[in-house]
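> My questions will all concern the structure given below.
No value in this document is a laboratory result; all are computed from the given coordinates. On a predicted model such as this, the values are computed, not experimentally measured, just so you know. With ideal geometry, Cβ positions are generated from the backbone for all residues, glycine too; neighbour counts draw on all protein chains shown.
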Amino acid sequence: MIPPSLNRLAALAAALALPAAALAQAAAEGRVQLLKALHAPVMNKRYGIVAFGGVLSPFPPVAVVYLEGAFPRTDSPATAQMAQKDLMFVPTLLAVQVGTRVEFPNLDDTYHNIFSYSPAKRFDLGRYRSDERPIPSELFDVAGLVTLRCDIHEHMRALILVLDTPHFVVSDTQGRYRLDGLPAGRYVLKAWLDSKTTLDRQVSLQSGSTLHADFP
Amino acid sequence: MIPPPEPEAAGFSSFRARLLVAMMVLVSAVAGAGLLFAQRSMAASVRRDFRTQFQGELAALHAVQDVRHAVLAERCRALARRPRIHAALEDGALDLLYPSARDELVDAMDGGAAAPEPGAYALHARYYRFLDGKGRVITPPNAKDVGELGSGEESQLSLGALPDSPQTGYITRGQGSAEAVDEVIAMPIVSSENGEVISAIVLGFKPPDLGGAREGAGIMSGIWLGGRLSMPSLPPGAREGLAGEAARAIASADSAEGGYEVGAGGARYLLFCKRLNPGSLFPAAFEVSIYPLADLLARQRLLIWQFSGAAALLLLGAFAASHLLSGRLSRPVERLAVDSEENRSQRYRAEAALESTSRELQRSARFSADASHQLKTPVTVLRAGLEELLAGEYVSAEAREEVSALVHQTFRLAGVIEDLLLLSRMDAGRLQIQFSRLDLAPLIEAWVDDLGALPDALGLRVDADFPPSLWITGEKRYATLILQNLLENARKYNRAGGRIRIAAREEGDWAVLAIGNTGLPVPPEAQEHIFERFHRGAVGENVPGHGIGLNLARELARLHGGDLRLARSDGEWTEFEVRFRLARPDVAGGSA
């Protein structure tokens, strides 16, 4: 066998260590009081992002709960997918860790042209169809909220929340969440509700126990 | 005598001339009024047609403009919805605004190139700018990409605030002879996130070339903006004059459409103004359209000439017709005038004759009266002398008989003179009957008695058949005269051994007295003349009489309101009938 590289070794070590670490790590669960879905236009209801009063929010409302802190970056590039299907983004709200490559497969029979002018990520994938290979993707390496649009279908809208943490989860539509594998210690737990609203609270995580934290 | 007036030949001709003049004046007035009215209405209709044509052409142009404008506005609206532009504005990427728009507008811009052919690039923008939240122009990073504008020109694109709806405006570009007006459309960009107007895109277009290509004919259009008129197809001299007129027209009918006739550069134009951007936030601009009136004026001049010619012909015909007609009409009138002139002279002559006859009659009546008076005196003197002679003793018995006959003749002479006197008085109308109640019976009786007393050579028999009294109205003296005349005639013209019959009766209002005799009949041809004066029947010369009696008797009977007529005259019997008015018994008045 070819001697494994240092990276490979490290990854192997991490993989081997993972079950024991999981046992030793903390967890958090709870419920986020979601915002009321107001004035959801029929069109936007279908496409999952409600723009109202300059605020973009997911519909039906969900929250992204994540643990803020200085965590070591994983070297293995993560990937995620945000497809375009039936002239809407699926999912419409995607949370990724910084450094994640997101693929945008086109599952429709028509062209799409995904682009973003958001400060966190400016890109333009150009027009492509479902047979485009490799699947057009983009690396999100700056934390922030990225608004995605389609140049051809002006109503299509999606949000990608790029987070500088590996510990995040999207709640269910009741606002319930559960985060596992958290390190013990004092952190700030945040709940992103819409483009203008992010709640936070101090948490103290104990190894081997599950913290119950509700927002607010 | 009154001289009969001369027939006026001059009068006839003046009548005809007056009729002719009157008819000509009437015909001229009617024809003139009719032609004037027709000309006016024709001119008005030509003018109306002209205006309608102008408005039709203008409406067609406006329809084209509206379509073009709608296309441009739709183009702008599509641009304002572009996701990239929205993304640039909403996602905080203003630096990408103009580059994104450039990509979107790459096929909508003419790139500053001259049009390869007229009408090309009509829908292409020359420049574009975005407005920020306060309506000010967002300065582009590279003006070459978005169409270059001077700072003064660019500032004209700014609005006081962002518009809610598309705005149409006009801005002036260039200087001097290169000055031109551009049409701009400001389209609001509505945020998809909060529904508010976050920006506006302003695109500048070359205004449509309206009729400018057709030099000298048809509609010319220009744009009036801020007191300046931009109409490249019009010579500068005419433009100055027209700008003033347009300003007046715009001021008088603010933003409304109106048609005016104006003069500019020595030519007449029909001018229409129309607000191009009603309700716009940009400064008010007006479309000024002019239509040369040279064609209309030429048509009107032609119309006037045609009408004048028609009027001359019509008047000529009318004059000829009125000449003929007046001649025909005046002919019977002239004949009537001639006839009446003849009648008049005849009447004058008759009147003159009548007058002279009347004068003659009066003279003769006066003469008769004079003569009678002059004659009566000598007859009286003569009779007195003769009677004195009879009374003397130195007259022999034979001579006495002669003298006695002479005395008798003086009585006859006196009677004739009396009758003549009476007639002349009647002729002169100076005889008046003094009516009173009068009984005829005693008069008749008296005469019958007298007749019996006369020495009778004829041996006449007298039958009298009358009531004891017969009251009439009349004057005794003249009634007696009538009776005496009739009875004297009955005696005088009788045959020897003949018969006289006197019968009186009342008949209605009348007392009728019939006096008949057995004298020779009056011949039928003479019967109608026997009452004429101085007529004597074909009787023997030995029968005394002077042809006055019957005439006198009838005149007197008529003066009494009655009459005298010949009732019968044949072989053996001649009868006169006289009638008087019966006096009513209650009428007071005694017999004279």
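> Over 5 Å intervals from 0, what percent of Cα-Cα pairs in the range B:5-84 sits in each interval?
Going from the shortest bin to the longest, the percentages are 3, 11, 8, 7, 7, 7, 6, 6, 6, 5, 5, 4, 4, 4, 3, 3, 2, 2, 2, 1, 1, 1, 0, 0, 0.
> Follow-up. Mind checking the mean number of beta-carbon atoms from other chains within 10 Å of the Cβ atoms in B:81-94? If you can, show how the numbers build up before the last one.
Numbers: counts 1, 2, 12, 7, 2, 3, 10, 1, 1, 7, 10, 4, 5, 1.
Going residue by residue through B:81-94 and averaging, the value is 5.
> If R0 is 56 Å, what FRET efficiency do you get for A:Thr110 and B:Trp305 from their C-beta distance, rounded to 0.05?
According to the calculation, E is roughly 0.15.
> Can you work out the Karplus-derived ³J(HN,Hα) for every residue in the range B:336-351? Use 6.51 cos²θ - 1.76 cosθ + 1.60 with θ = phi - 60°, whole Hz, and x for glycine or proline.
Here the 3J(HN,Hα) series is 4, 5, 5, 4, 5, 5, 5, 4, 5, 5, 4, 5, 4, 5, 4, 4 Hz.
> Average projected area of the Cα convex hull of the range B:433-581, in nm²?
Hull-based average projected area comes out at 8.4 nm².
> Can you pull the mean other chain C-beta count within 10 Å for peptide B:98-104?
Mean inter-chain Cβ contacts per residue within 10 Å come to 1.
> Which distance in Å, rounded to a whole number, links the C-alpha centroids of the range B:69-90 and the range B:347-374?
132
> Can you list residues whose amide H is under 5 Å from A:Gln25's amide H, if they're 5+ apart or on another chain and H is modeled 1.01 Å from N?
Correct list: A:Gly208.
> Order of B:125-132, B:343-350, B:516-523, B:47-54 by packing, highest average Cβ count within 10 Å first?
B:125-132, B:516-523, B:47-54, B:343-350
> Still on this model: How many Å³ per residue does the convex hull of the Cα positions in the range B:283-384 occupy?
Spread over its residues, the Cα hull of the range B:283-384 gives 191 Å³ apiece.
> Let me ask something additional. Within a 10 angstrom radius of the beta carbon, how do B:Glu393, B:Glu528 rank from fewest other beta carbons to most?
Lowest count first: B:Glu393, B:Glu528.
> Which three extents, in angstrom, do the Cα atoms of chain B have along their principal axes, listed largest first?
193, 55, 42
> Shielding of A:154-160 by partners, i.e. mean partner chain Cβ atoms within 10 Å per residue? Walk me through the numbers on the way to the answer.
On the way: counts 8, 2, 1, 3, 0, 0, 0.
Mean inter-chain Cβ contacts per residue within 10 Å come to 2.
> Let me ask another. Please give, to one decimal in nm, the separation of the simple spin-label points placed at A:Asp164 and B:Glu525, each 7 Å out from Cα toward the Cβ.
So the label points at A:Asp164 and B:Glu525 sit 17.8 nm apart.
> Assuming a viscosity of 0.890 mPa s and a temperature of 25 °C, what translational diffusion coefficient in µm² per second does Stokes-Einstein assign to the protein assembly as shown, Rh being the Kirkwood radius over Cα pairs? Each step should come with its number before you reach the end.
On the way: Rh = 43.0 Å.
The calculation lands on 57 µm²/s.
> I've got another one for you. Once every DSSP H run of n ≥ 4 in the protein assembly as shown is given -39500 (n - 2.57) and the sum is divided by its residues, what mean residue ellipticity at 222 nm do you get, rounded to the nearest 500 deg cm²/dmol?
Values: 14 runs with 314 residues, N = 808.
The helix-only estimate for the protein assembly as shown comes to -13500 deg cm²/dmol at 222 nm.
> Something else: Across chain B, how many lysine pairs, 8 or more positions apart or on different chains, have C-alpha atoms separated by under 25 Å? Please give the number. Spell out each step's value before the answer.
Working: B:Lys134/B:Lys144; B:Lys144/B:Lys206; B:Lys206/B:Lys274; B:Lys376/B:Lys476; B:Lys376/B:Lys492; B:Lys476/B:Lys492.
Close lysine pairs found across chain B: 6.
> Based on the mean of other Cβ atoms within 10 Å per residue, sort peptides B:553-559, A:209-215 so the most packed one is first.
Result, highest mean first: B:553-559, A:209-215.
> Quick query: amide H of A:Gly30 versus all other amide H atoms, modeled in the peptide plane; which residues come in under 5 Å with a sequence gap of 5 or more or a different chain?
For A:Gly30, whose amide H was placed from the backbone, the distant partners under 5 Å are A:Tyr177, A:Ala213.
> Continuing with the same structure: Count the net charge of all other residues whose Cβ sits under 14 Å from the Cβ of B:Gly263, scoring Lys and Arg as +1 and Asp and Glu as -1.
Details: positive: B:Arg239, B:Arg248, B:Arg268; negative: B:Glu240, B:Glu245, B:Glu261.
Around B:Gly263, the charge tally is 0.
> For chain B, take the longest principal axis of its alpha carbons; what is the angle in degrees between that and the long axis of helix B:476-492, to the nearest 10 within 0 to 90?
Roughly 60 degrees between the two axes.
> Continuing with this model, one more query. Of the trypsin sites (Lys or Arg not before Pro) in the range B:352-456, which ones lie in a loop per DSSP and count no more than 13 other C-beta atoms within 10 Å?
B:Arg430
> Under the Karplus relation 6.51 cos²θ - 1.76 cosθ + 1.60, θ = phi - 60°, what is the ordered set of whole-Hz ³J(HN,Hα) values for the range B:561-567, x standing for Gly and Pro?
These are the phi-based 3J(HN,Hα) values: x, x, 7, 9, 8, 8, 7 Hz.
> While we're here: From the phi angles alone, apply the Karplus equation (6.51, -1.76, 1.60; θ = phi - 60°) to the range B:96-106 and give each ³J(HN,Hα) in whole Hz, x where the residue is Gly or Pro.
8, 4, 5, x, 4, 4, 4, 5, 5, 9, 4
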